[in-house]
Amino acid sequence: MRLAYAPYILKFRRPAGTSRGVLTEKPTFIIKIYDEADPSRFGIGECSVFPGLSPEADGNYGYKLIELLANVALGKETDLSGHSSILFGFEQALRDYAGGGRHIYFPSEFTEGKQTIEINGLIWMGDFDEMIARIDEKVAQGFGCVKLKIGAIDWKKEVEMIEYIRRKYSEKDLTIRVDANGAFTMDNALPRLKRLADLGVHSIEQPIPAGYPDLMAFICSVSPLPIALDESLIGVSGSEAKKKLLGEVKPAYIILKPSLCGGFSGAEEWIEIAGDMGIGWWVTSALESNIGLSALAQWTATLNTTMPQGLGTGALFTNNFPTPLRLNSDRLGYDADAKIDYSMYESLDWRQ
């Protein structure tokens, strides 16, 4: 068994605004598991590293991929406990190879084209008029739930925007989620959460930065708005540490991004622990290419979800990979008859 990897830069179709800045491109790594005796059969995965969020996104990331490459050739295990994105991609590649290299990572009615997943419409930060236009566009497309990135433009403008939405669309017609990406402070968090609750917002992701569990626990205990942990899950490994965090903070929800929280196996552990504590959850993309997004959607389809998921990122990039994923209104499906085009893989800069 051998492994190869190739760096790839995803280009955003239009700048994507977050509270941490504006994104125009995102690095990722494609990995391939294959048999030297028959290189035509291979499994593909994506190591979706996220600079600024992934703890492993440092100067040693490439060395870890080289270590994995060497250990696969030697038949040795590699400790990937501190490298969620690499574990995420490695799990994909192994599953794909075991399934015959058909990009079927988690066989189900979803991959047979018989099941779809409800997703939310993602509204990136922009100026007031841009965000209003994007919201109206998503609703016109049939989305019943939108997620707004907030925290970068003026707070009063953001409130005006949500007020505008509520004048046009009731809570029954449209669910509003917001994601602050840690942009609130100890001084302004509670009044802002109260205002959002009054406007009929469903929940907020990560109102304050990660790394302040005591403050987050206090906010969760008094907030009139349900709070979801996102960045706070990053870097937390082992069942006892996960139980400690959720037991102390007691959020209403957790947001699962396998690229950032221990691959599929780590995310499943979070789900089990959260379920025992009565904490809800949903899955969100960490800006993977269509390779990682397809695996993520296939995995999500096996989890018997009942809430809209955050998997609507496939159209963000101009140079994405072909995919059998299909979006119809707010339903993400899989074209079981789609033929996989391998030509883009052949042109990648493989290191092996």
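Using all Cα-Cα distances in segment 77-120, what percent lands in each 10 angstrom bin from 0 up to the longest?
25, 35, 32, 8
Take every DSSP beta bridge with both residues inside segment 117-334 and express the antiparallel ones as a percent of the total, to the nearest 5.
Percent antiparallel among DSSP bridges in segment 117-334 is about 20.
Suppose R0 equals 35 Å. What FRET efficiency, 1/(1 + (r/R0)^6) with r the Cβ-Cβ distance, do residue 335 and residue 168 give to the nearest 0.05?
For R0 = 35 Å, the calculated efficiency reads 0.55.
If we sort 37-45, 112-120 on the protection proxy, mean other Cβ atoms within 10 Å, highest first, what's the order? List each step's numbers first, then the result.
Working: 37-45: 15.8, 112-120: 17.7.
So the order, starting with the most tightly packed, is 112-120, 37-45.
Just to confirm the number: angle between the C-alpha axis of helix 290-301 and the first principal axis of the chain, 0 to 90 degrees, nearest 10?
Relative to the chain, helix 290-301 is tipped by roughly 70 degrees.
Could you check the spin-label model distance between residue 115 and residue 60? Points 7 Å from the Cα along Cα→Cβ, value in nm.
Placing both labels 7 Å along Cα→Cβ, they lie 3.9 nm apart.
Of the candidates 253, 212, 61, which one comes out as most mobile in a Gaussian network treatment of the chain with C-alpha springs shorter than 10 Å?
Of the options given, 212 has the highest mean-square fluctuation.
Tell me, 256, 327, 225 in order of fewest to most beta-carbon neighbours within 10 Å? List each step's numbers first, then the result.
On the way: 256 28, 327 15, 225 21.
So the ranking, lowest neighbour count to highest, is 327, 225, 256.
Mind jotting down a quarter of the surface of the convex hull over the alpha carbons of segment 117-334, in square nanometres, one decimal?
About 11.5 nm², averaged over all directions.
Grab the eigenvalues of the alpha-carbon gyration tensor for segment 180-307, scale each by 5, take roots, and send me the semi-axes largest first in whole angstrom.
After scaling each eigenvalue by five and taking roots: 25, 16, 14 Å.
Ranking request for peptides 293-300, 184-191: highest mean number of other beta-carbon atoms within 10 Å first, then the rest in descending order. Each step should come with its number before you reach the end.
On the way: 293-300: 26.1, 184-191: 14.5.
Averaged packing, sorted descending, gives the order 293-300, 184-191.
To test your reading of the geometry: what angle, between 0 and 90 degrees and rounded to tens, separates the Cα axis of helix 189-198 from the longest principal axis of the chain?
80
From the phi of every residue in segment 81-89, what ³J(HN,Hα) in whole Hz does the Karplus formula 6.51 cos²θ - 1.76 cosθ + 1.60 yield, where θ is phi - 60° and glycine or proline is x?
Going residue by residue, I get 4, x, 9, 4, 5, 6, 4, 4, x Hz, with x marking Gly and Pro.
Okay, which of segment 20-46 sit inside 12 Å, backbone N to the point 7 Å along the Cα-Cβ direction of residue 350?
Only 31-44 fall inside the zone, counting backbone N under 12 Å.
What 222 nm value per residue comes from the helices of the chain, counting each DSSP H run with n ≥ 4 as -39,500 (n - 2.57) and dividing by all residues, nearest 500 deg cm²/dmol?
Values: 10 runs with 118 residues, N = 352.
Mean residue ellipticity at 222 nm (helix-derived): -10500 deg cm²/dmol.
How far is it, in nm, from the label point at residue 141 to the one at residue 342 when both lie 7 Å from their Cα along the line to the Cβ?
3.2
Once fully extended, how much extra length lies between residue 35 and residue 77, figured as 0.36 nm per residue of separation less the alpha-carbon to alpha-carbon distance?
The span from residue 35 to residue 77 would gain 13.4 nm if fully extended.
Any idea how far apart residue 156 and residue 102 come out in nm if each label point goes 7 Å out from Cα toward Cβ?
6.0
Between the alpha-carbon centers of segment 208-286 and segment 59-112, tell me the distance in whole angstrom.
24
Compute the FRET efficiency between residue 199 and residue 221 as 1/(1 + (r/R0)^6), taking r as their Cβ-Cβ distance and R0 = 22 Å, and round to the nearest 0.05.
Approximately 0.55, to the nearest 0.05.
Kindly put 72, 222, 22, 178 in sequence by how many other C-beta atoms sit within 10 Å of each C-beta, fewest to most. Spell out each step's value before the answer.
Values: 72 20, 222 10, 22 13, 178 24.
Listed from fewest to most nearby Cβ atoms, that is 222, 22, 72, 178.
Using only Cα atoms and rounding to the nearest 10 degrees, what angle (0 to 90) does helix 155-168 make with the longest principal axis of the chain?
90
We did not get these values from a lab; they are worked out from the coordinates using the rules stated. Quick caveat, the model's predicted, so the values are computed rather than measured. For neighbour counting, all protein chains shown are included, and Cβ atoms are generated from backbone atoms with ideal geometry for every residue, glycine included.
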